[in-house]
1. What part of the accessible area of region 2-60, given as a whole %, is carbon or sulfur when the probe is 1.4 angstrom?
2. At 0.36 nm per residue, and after removing the present C-alpha to C-alpha distance, how many nm does the segment from residue 19 to residue 47 gain when stretched out fully?
3. Give the residues of region 63-95 whose amide nitrogen is closer than 16 Å to a point set 7 Å from the Cα of residue 148 in the direction of its Cβ.
4. If Rh is defined by the Kirkwood formula over all Cα pairs and Rg also comes from Cα, what ratio Rg/Rh do you get for region 243-310?
5. For 609, 256, write out the residues from largest to smallest accessible area, computed with a 1.4 angstrom probe and no ligands counted.
6. Give me the accessible area per residue for region 310-366, probe 1.4 Å, as a whole number in Å².
7. At 1.4 Å probe size, what's the solvent-accessible area of residue 317? Round to the nearest 10 Å².
8. Using amide H atoms built 1.01 Å from N in the peptide plane, name the residues 5+ places from residue 610, or on other chains, whose amide H lies under 5 Å from its own.
Amino acid sequence: ATMVQKYQSPVRVYKHPFELIMAAYERRFPTCPLIPMFVASDTVNEYKSEDGAIHVIERRCKLDIDAPRLLKKIAGVDYVYFVQKNSLNRRERTLHIEAYNETFSNRVIINEHCSYTVHPDNEDWTCFEQSASLDIKSFFGFESTVEKIAMKQYTSNIKKGKEIIEYYLKQLEEEGITFVPRWTPPVACKLESNTSHTRRPVSPAISIPDSATKEGLSNKEILNTSSSPSEPTAGTPDDKLDADYIKRYLGDLTPMQESCLIRLRQWLQETHKGKIPKDEHILRFLRARDFNIDKAREILCQSLTWRKQHQVDYILDTWNPPQVLQDYYAGGWHHHDKDGRPLYVLRLGQMDTKGLVRALGEEALLRYVLSINEEGLRRCEENTKVFGRPISSWTCLVDLEGLNMRHLWRPGVKALLRIIEVVEANYPETLGRLLILRAPRVFPVLWTLVSPFIDDNTRKKFLIYAGNDYQGPGGLLDYIDKEIIPDFLGGECMCEVPEGGLVPKSLYRTAEELENEDIKLWTETIYQSASVFKGAPHEVLIQIVDASSVITWDFDVCKGDIVFNIFHSKRAPQPPKKDSLGAHSITSPGGNNVQLIDKVWQLGRDYSMVESPLICKEGESVQGSHVTRWPGFYILQWKFHSMPACATTNLPRVDDVLASLQVSSHKCKVMYYTEVIGSEDFRGSMTSLESSHSGFSQLSAATTSSSQSHSSSMISR
């Protein structure tokens, strides 16, 4: 079995001109005392252009890998040879480095690419990036050992790279070299080369971003804020993470953790069309899955779909909690703990959970908890700016004074468990610490009911104090400043959190009222969901009267892979028949599946395709539009995308056969929204479409609508 490991670095910014960095870099050869394993290097090939602008040099490097003696014996080598090809372009001010292994090249394939380039916003700074892949085909049965050794050596070298450049920069400075002139064409007359020198004294003004960084604006943010909202910000080369930004806003990550973040972020940018969550939120999902990129991607995509389905992005702006909640929900934000984390205080013991569930129903309660979590994300971001260090979670203080058997009312506990489940799935790694105070005797019973639903990592963050223990040593004062301990816990700080108390029975609603209310809350979404089966696509009819209208769509593929098509027909299709196949007719509500195109219709005669088919993978978000050329009937179609059999043979692969045995694999789910706009309104309304329906605007730093059809991107930009 082959193992492929990939690495992608953040951008490292050196606040020195390219030419000076090159002078430092050159000093690493032929050997470098700072890299003990780099024993020697010989030049194999060299090319210089006549004008001196291009210099390509290929070296064979001899490495003494720090591996167990036994492994070296089995492998029969003492040294490992790499070929490194450096292409320097002094005119463009770039250096590209390609390296691969010569030793064991039939068993192990290592490729590395590094580049030094000029910073896009400051020509006196230099950016460094590197990426690599390691593919171990076979190694005498020691594949995983070799993988571990390779990864360990590689990550330690990544860390060293920066130190080495800085070491040689210092050495140059000690020798009095602080400036290396830029390359100029040999024909240039003296005058020109002088002007390039006289530019120097002006440059110190560039050190502004340094102070800006202290104010909590990294270069990355300066890059991002400078682009006006009308420009598409996603996918521009500036939209890369730089190492200083990661350290300042996201924390100390290992090189492999940085790489996972960058790769997952890149994947999101490619598939989610610019509507991507903030970096710190992506990182939470990676942490929740120990940086397993595939597992993290899966839970993150589920969460993004969920956010979109329930319009979670707009909760803070558009949802007003019912008065009952404002009066009787005994929880609220209260300053921050000693680590700078936002502090949420919940007086659970004073809260009538039964009354709240009876008066509001589960859904309104859940929605309220979601708004608290959304506010938490916002406060973390705020505190990260204020305290000058990354803060990605909050502290929750739960006071159980007053807890009684009423709190064990089953529907109440059920509501609580469901809320915990939704929060765990969509706000992972947001709870920094949970302080449970004044736990009464019934508490252990409640705890045994609740704790199995709580993730192990989260449980480690719980501190439970019985009675007044929280006032003693190791108590509250270790975590919260004396000045902000709330009055009801014996502190001096007035705490604004509502007192709670019993919800009057007059506010209770009947089960039926709540049922209707619940349904209304969850279907408040503007999206519709549809099921797509093998042989049974889902089709939506749009009738166009005015020839130049614009059909817009926005959909998420929640499960499976599908093909999206749009057709035009002059004649009305048959009235939709619900798919009557016995197997599918029992689909769950919301699993709507409609076919409009008559089986006897022929493509090209009865109807025509007006956009090329688009294959959409599970987890993707697609936005697009089509400018109609004729009136008539347009049909949007989502069709099951079946995997082709293995390309080399016509025999189906084992996986395909297994997949086809599972009935569920024949079902895809799509969540979609469509709207028809008059072309003259299109420009204006495209922006409203973006702002109101593009799903993750609150979470994304830059929301751009990408579209598969050039027509829309032309008009909407």
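1. Carbon and sulfur atoms account for 52 percent of the accessible area of region 2-60.
2. Fully extending the segment from residue 19 to residue 47 adds 8.2 nm.
3. Residues 66-72 qualify, since their backbone N sits under 16 Å from the label point.
4. Values: Rg = 11.7 Å, Rh = 12.2 Å.
Over the Cα atoms of region 243-310, Rg/Rh equals 0.96.
5. Result, largest first: 609, 256.
6. Numbers: 1990 Å² over 57 residues.
The answer is 35 Å² per residue.
7. 110
8. HN-HN under 5 Å from residue 610: 566, 567, 568.
The values are calculated or read from the model by the stated rules, or taken from the named source; none is laboratory data. Not measured: the values here are computed from a predicted model. Using ideal geometry, Cβ is built from the backbone for each residue, glycine included, and neighbour counts are taken over all protein chains shown. The accessibility values were calculated without ligands, DNA or RNA, using every heavy atom of the protein model including side chains. Shrake-Rupley method; radii C 1.70, N 1.55, O 1.52, S 1.80 Å.
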